[in-house]
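In what follows, a structure is listed as C-alpha cells, so that the remarks can point back to it.
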Amino acid sequence: AMEDVSAKFVSQKISRTRWRPLPAAALQPPDLFATGSWDNEDNRISIWSAGDLGNAGLNGEYHGEPHLLCDIQHNGDVMDMQFLDQERIVVASSTGAVTIFRHHQNNQTLSANHRWEKAHYHVDQDTSCGGAACTGVVCNNPEIVTVGEDGRINLFRADQKDAVRTIDNADSSTLHAVTFLRTTEILTVNSIGQLKIWDLRQQRNEPSQIFSLAGDRVPLHCVDRHPNQQHVVATGGQDGMLSIWDIRQGTMPVSLLNAHEAEMWEVHFHPSDPDHLFTCSEDGSLWHWDTSTNVSEKPSFLHQGGRSTAYLSHSTINQSVVSAWLSNDPTKDRMEITNLIPNQTLSVNSLDVLGPCLVYGTDAEAIYVNRQLFA
Amino acid sequence: MDTVPSQVVPGADPSARQLCFAWGPAEVLVCETLFGRTGGSRSRAGAAARALTGSVAGTGEGAPSSSRVFVVRRDQDIYIQTLRKLFNESHGIFMGLQRCEEELAGKSRKAQLVQVSKNYRSVIRACMEDMHQAAVSTRDPALQGQYSTQVSILSAMELIWNLCEILFVEAAAAGPLLLRLLDWVRLHVCDVDSMVREVLSSESPSKHKLFWNVVDVFVLQGRMDEARHLLSKEASANPTSMNMYKILDDLMKKMPVPSLGNTQTLTELELKWQHWHEECQRYLQDGTFASNPHMESICKILLGDEDAILEKKELMTTWYHFLVTRLLYSHPTVKPLELRFYAQSSMDLFLGGESGPEPLDMILMAAFEFEMHQVIKECSIVLSNWWFVAHLTDLLDHCKLLQSHNLYFGSNMREFLLLEYASGLFSHHSLWQLGVDYFDHCPEYGRVYLELHIERIPLTTEQKALKVLRICEQRQMHEQVRSICKIMAMKALRNNRLGSALSWSIRAKDAAFATLISDRFLKDYCERGCFSDLDLIDNLGPSMLLSDRLTFLGKYREFHRLYGEKRFPEAARLLLTLMTAHIAPCTFWMTLLTDALPLLEQKEVIFSAEQTYELMRCLEDLTAGNPDKQKFQDDDVETTKVEMLRLALARNLARVIVKEGTVEGS
C-alpha cells in the first residue's frame, strides 16, 4: 500500500540506494541505508536513518521520514555502491576510482578508508584525464570486483593496496554490471546483450561461458542471481525487458518478460524470499514480480537477515522456486506483477530490498522508504 | 513586456568601455571590448540585460585594465540549493495537472484545480519551513541573511498565490469571498502572533499590559470566539462593569456572518446585518461603553468606523489587513468586482501618503483589480525566478482564464513563461531533466527549445548519454539521436574502444560510421594478423547488415572461424563469395587471395575447377584493373605474391582436373 511509503526530497539526484546489511541474528527490520548522488557539481555519499521507530502510529505505520545522519563529498558521479560489511561501503565513481568509505557509528561521520584512484582507465595516453567510469561493483568481504566502461575487470581485496587480479580488455564493449555467481566466479553483462561467466581462479583472460540475447543485441544494464538457486539469473535490458536465464543450459534466456518501457537500471531478487523480484527503470516505474501466488503449499521464506533459507532442504526449494522462475510460460496466471509507483515521471535509478523494507531513489531528487512491503 | 526596466550589470562600466554581448541558451555573456567610449552610444549594454532578472558572476580580476566577461543569468533562484525541493516537487504537481482530465465539469473540475493550487502552496510552505530551519541553524551571518531573504520572498509568493487562488481559481462569490479573505489574512499576518502567545500564556492575561491589544487583534481578524473568551476573563475580574461586558459580548456573539453553505441568501444576511448594525449604533450613542475607552473603540470597530480601525494600524501591519477588516465590518457581502474600489481606498488611507506602495502592494492591488496579466507581469519583474509566474500562469490557463491573450512573438503567455523557466532549468548542471517535461507541454516552441538545449548537455558518462538519448528517442528527435551516438562513438574510438564505438553507431543506425570502425578493425587485423574484440565480431547478429563493410567484417571473421575449425570446403566457398559477390572491398582482395593460398596447398583438393577459374579471374581483375599498376609492379613482395598465387592456382587446377576426371570416369 502506497500510504506506508515515506518520501523525502533531498536536493540531489540519487543514483544508488543500499540498505546496511543486518547482523546475522538480527530480528528487527533494517534501519539504516546509504545513498549516492550523480550529475551534481558536488556529489555525496549519505547515510540515512529510515524513519523513527518511536513515531509508529496506532496501526503500526511509520510516519517519520528518513533523516540524514551524515554525509561526505564524493568525487564524480556515484555509479554503483555496495556494503562490504556493517561499517564499510564500496563506491564506484565515474572518474574510474573505487573508494571504501567507513561509517563511524559512534560519532555519525563518514571517512574515506581506502581508494584505488585509477581502477578503470582508457589506454589512450594522449587524453589528459584517462579515467573510465567504473560502472559496477560487487563485494564478498574481503573481495571486491569492479567493472567499467573500459571493459576491464578488477579483483581487489579490502586489505591490499594493489589489485589482486586485473583482466584488461576483458570485454570489447562496456561492462554495465557485475555480481558473484559463486565465491570464485562472477557474472557480467555488457552493452551488446551478453551475459558472461568468469572464473577468477583460471589464469586465462577469457570468459568461461558466454550467453547472449537473440536478435537485436539489446544492451544489458543489470544482473542478479537467485539467492538459493545459483543457476537462475535475472538481467534487465535497455528495452526494459526482464530476462531469466538458466545458466546450466542453452545460451539464450529461458524467458523474456516485458513491463518497463525504458532502460531497466536494477534488478533484485528478494534476498530471503526469492519468489519476489523487484526492478526499476528510466521510465519512472518500479515493478514487483511475485511468483509466490501459484504455489499452493509454499513454505514461508520470509526470514529477517537473509541466510536462513540455506538450511532448508534442497528439494523443497527446488519444487517451489525453480518451477516459478524457470517455467516456460511465466505470464499465464503464474506471476503477479505490480507497479509500486503509478504516477512517477522521472527515472527510478536504484532500489534495494531487505526484510520487509524497500528503499528507492529517483532523478526527481527524492528517496522513498516502504517498510511494509508484504503488508 | 515592453516596459520592463533595464537591468544594471554590477561591475560593468559602459561609460568607460564599450560593451558587447552574446545570447546563450539561458545566459547572456557581456564582455568589455577594447574600444573606449566615444560620444553617441550605439549599443547599450542595458539592452542586453533587459528582461533579465538575473545575477552576475564577474569572472575577471579587479584590475581596471583587464577585460572582463560577465555571465548574466536569467534565473538566479535556480541555483539556490534549498529551492531544488520546490522545483522537483512542483514538477510532479505540474505533470499531474497536465495529465488530469478536463472532462470533469463544473464544480468537481473547480475543486480539482483548487486542490492543485493548494498543493503548489503547500510545497512553497514546506520550502519556507526548510529555509527557516536553515536560517536558524546556521552560524554564518551572511548565509543567515540570505536564507531570511529567501524566507520572505517565499512568503510573499505564497501570499500572492493564495490571493490568486481565492479570486481566480476558486472565484469565490459574494459572502464566501469575505470568509476566504479572512482566512488569507489570518494565515499571513503573523507579526502579532508572538504577542498573542505571550499574553495568552501569561499567568493572568487580563493583567497583562498588552491585553487589550490582543483583544483588538482578535476583533480585527474577526476571531470573535477567541475575543469573547479573553473578554470574559477581564469581566470576571471587574464585577462592577459586568453589565457592560455582557452587552459587548452579546453584540459580538450576535454578529451575522456569511455562511459557506446555501443556508441563507445574501438578502437575508444583509437584513440581519442591518439590524445588528443598528443595535451596535444604539449602544454607542447612548454611551453604554463611555466609561471604558477600550470597549468603546471595539464597538466603533464593530460599526466599521474607519478612524477607529485605522487607529489600530500597528496591530494590522498591512493595508490589506485593513481592507479585509473594513469589509468585514462595513461590507460583508462585497462582490468580487467591487473589491477594487475598497482596495484602492484602503491602501490610500492606510499608507496615508507616508510611503509609496511597494512592489508587493502593486501586485496585490492588481489582483484585487482582477488584472491577471498585470499580476503576472509585475511578478516577472520583481521576483528573481521564473518558477512562480510559470506555474501560476499555467494553472490560470488551465482555469481557462488566459485564452484571449496572445503575445506579439507568436506563442501565448503561458508558453512563453514555461519556456523561460525550463530554459533556466537547462542551464543548471543537474536540474535539466525537469526541463524536458516542461518543454513537452509547450505546443508551439517546446520542441525547438528542447532540440537546442539537449545538444548542450555534457555527456560525461555513457549512462548519462543513455539518459539523454532516451529523451531524444522518445520524441523522435532523429537528428539529436544521431549526434549523441556519433559523439559517444568518437569518444570510444579515441579511447581505442572499438567495440563500444561500434555499438554506439549500431544504436544510431549510422552506416557510415560503422564502415569507418569496420575499417579500423580490418586495419588492425592486417597489421597484427589477428582480430581484436572477437567477442563483439562473433556476435554481430542482424546488426551486421547495417553497413556493407560491417557485413564483410563479420563474414570474413566467419571464414577464419571455419578455417580454424578445419571446415575447409565451407571456408573456401565463403572466401570466394566474398569476392565474387563484391562484399569485400577491392583493397582487401589481395589479402583474401593470400588467405586462399593455404587452402590451395592442402593435401586434399578443396577448390573445384570452376572455383579455381573464378579465383584466377579475381586475381587477373585485381592486377589488370589496378590503377596503380606501375607502383604495384614495382613492389617486389607483391609481385612475388602474385606469382606464387598464379603457380598455386595452376597446380590446383591440374590436380582438380585429374581428380574430377577420375571421379567422372569411374
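Tell me the mean residue ellipticity at 222 nm calculated for chain B from its helices only (DSSP H runs of n ≥ 4, each -39500 (n - 2.57), averaged over every residue, nearest 500). Display every interim value, and only then the final one.
On the way: 32 runs with 422 residues, N = 666.
It comes out at -20000 deg cm²/dmol, rounded to the nearest 500.
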**Report entry** Highest-first arrangement of B:117-130, A:199-212, A:224-237, where packing means the average Cβ count within 10 Å
**Finding:** A:224-237, B:117-130, A:199-212
Report summary line: Relative contact order as a percentage, the range B:122-266, C-alpha pairs under 8 Å and 6+ apart, gives 17
Report summary line: Which residues qualify? For A:SER281, with a placed amide H closer than 5 Å and at least 5 residues away or on another chain, they are A:TRP265, A:VAL348
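Quick one: order B:GLU473, A:GLU41, B:GLU610 by neighbouring beta-carbon count within 10 Å, fewest to most. Write down the numbers at each step before the final one.
Numbers: B:GLU473 16, A:GLU41 8, B:GLU610 11.
Final ranking by Cβ density, sparse to dense: A:GLU41, B:GLU610, B:GLU473.
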Requested in this report: Using only the alpha carbons, work out the radius of gyration and Dmax of the protein assembly as shown in angstrom.
Outcome: 38.0, 147
Query raised in the report: Which net charge results when you count Lys and Arg as +1 and Asp and Glu as -1 among the other residues whose beta-carbon is under 13 Å from that of A:LEU175?
Result: -4
Report summary line: the range B:462-565: relative contact order from alpha carbon pairs under 8 Å, six or more residues apart, as a whole percent, is 19
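Which whole-number percent gives the relative contact order of chain B, counting Cα pairs below 8 Å spaced six or more residues apart? Show your work: numbers first, answer last.
Working: 700 pairs, mean separation 55.3, N = 666.
Relative contact order of chain B: 8 percent.
Can you order the peptides B:550-557, B:145-152 by their average number of other Cβ atoms within 10 Å per residue, highest first?
Values: B:550-557: 20.9, B:145-152: 16.6.
Ranking, from highest mean packing down: B:550-557, B:145-152.
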Query raised in the report: Put +1 on the Cβ of each Lys and Arg and -1 on the Cβ of each Asp and Glu in the range B:472-556; which of B:MET490, B:ILE517, B:ILE506 then has its Cα farthest toward the positive end of the dipole?
Result: B:MET490
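Over 27 Å between C-alpha atoms is what I'm after, so list which of B:LYS509/B:LYS641; B:LYS233/B:LYS253; B:LYS118/B:LYS377; B:LYS603/B:LYS641; B:LYS313/B:LYS335 land there.
Working: B:LYS509/B:LYS641 39 Å; B:LYS233/B:LYS253 16 Å; B:LYS118/B:LYS377 22 Å; B:LYS603/B:LYS641 21 Å; B:LYS313/B:LYS335 25 Å.
Result: B:LYS509/B:LYS641 exceed 27 Å.
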Query raised in the report: If amide H atoms are built 1.01 Å from N in the plane of the peptide, which residues on other chains or at least 5 residues away come under 5 Å of the amide H of B:GLU455?
Result: none
Report task. Would you mind ranking B:GLU462, B:GLU570 so that the residue whose beta carbon has the fewest other beta carbons within 10 Å leads the list? Result -> B:GLU570, B:GLU462
**Report entry** For peptides B:370-379, B:211-220, sequence by mean Cβ density within 10 Å, most packed first
**Finding:** B:211-220, B:370-379
Query - All Cα pairs of the range B:184-334, percent lying beyond 19 Å - result: 54
Query raised in the report: Whole-Hz Karplus ³J(HN,Hα) for the range B:128-140, in order, using 6.51 cos²θ - 1.76 cosθ + 1.60 and θ = phi - 60°, x for Gly and Pro?
Result: 4, 4, 4, 5, 5, 4, 4, 5, 5, 7, 7, 9, 6
Report task. May I ask you to work out the translational diffusion coefficient for the range A:186-297 at 25 °C, viscosity 0.890 mPa s, via Stokes-Einstein with Rh from the Kirkwood sum over Cα pairs, reported in whole µm²/s? Result -> 170
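Based only on the alpha carbon positions, what is the Kirkwood hydrodynamic radius of chain B, in angstrom? Kindly include the intermediate steps, with their values, before the conclusion.
Values: mean 1/r = 0.0305 Å⁻¹.
The Cα-based Kirkwood calculation yields 32.8 Å.
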Query raised in the report: At q = 0.11, 0.12 Å⁻¹, what base-10 log of I(q)/I(0) does the Debye formula yield for the range B:100-253 when every alpha carbon is treated as an equal point scatterer in vacuo?
Result: -0.67, -0.76
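In peptide A:4-14, how many Cβ atoms from other protein chains are near each Cβ within 10 Å, on average?
Values: counts 0, 0, 0, 1, 1, 11, 3, 11, 3, 5, 0.
That average works out to 3.
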Query raised in the report: Can you give the mean number of other chain Cβ atoms that lie within 10 Å of the Cβ atoms in peptide B:76-87?
Result: 2
Query - Cβ neighbours within 10 Å from other chains - mean over A:32-39 - result: 2
**Report entry** Cα-based Rg / Dmax (Å) for the range B:462-565
**Finding:** 14.4, 47
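FYI, it's all coordinate maths here, none of it is from the lab. Since this is a predicted model, take the numbers as computed values, not measurements. A quick note on method: Cβ atoms are made from the backbone with ideal geometry, for glycine too, and the neighbour counts reach across all protein chains shown.
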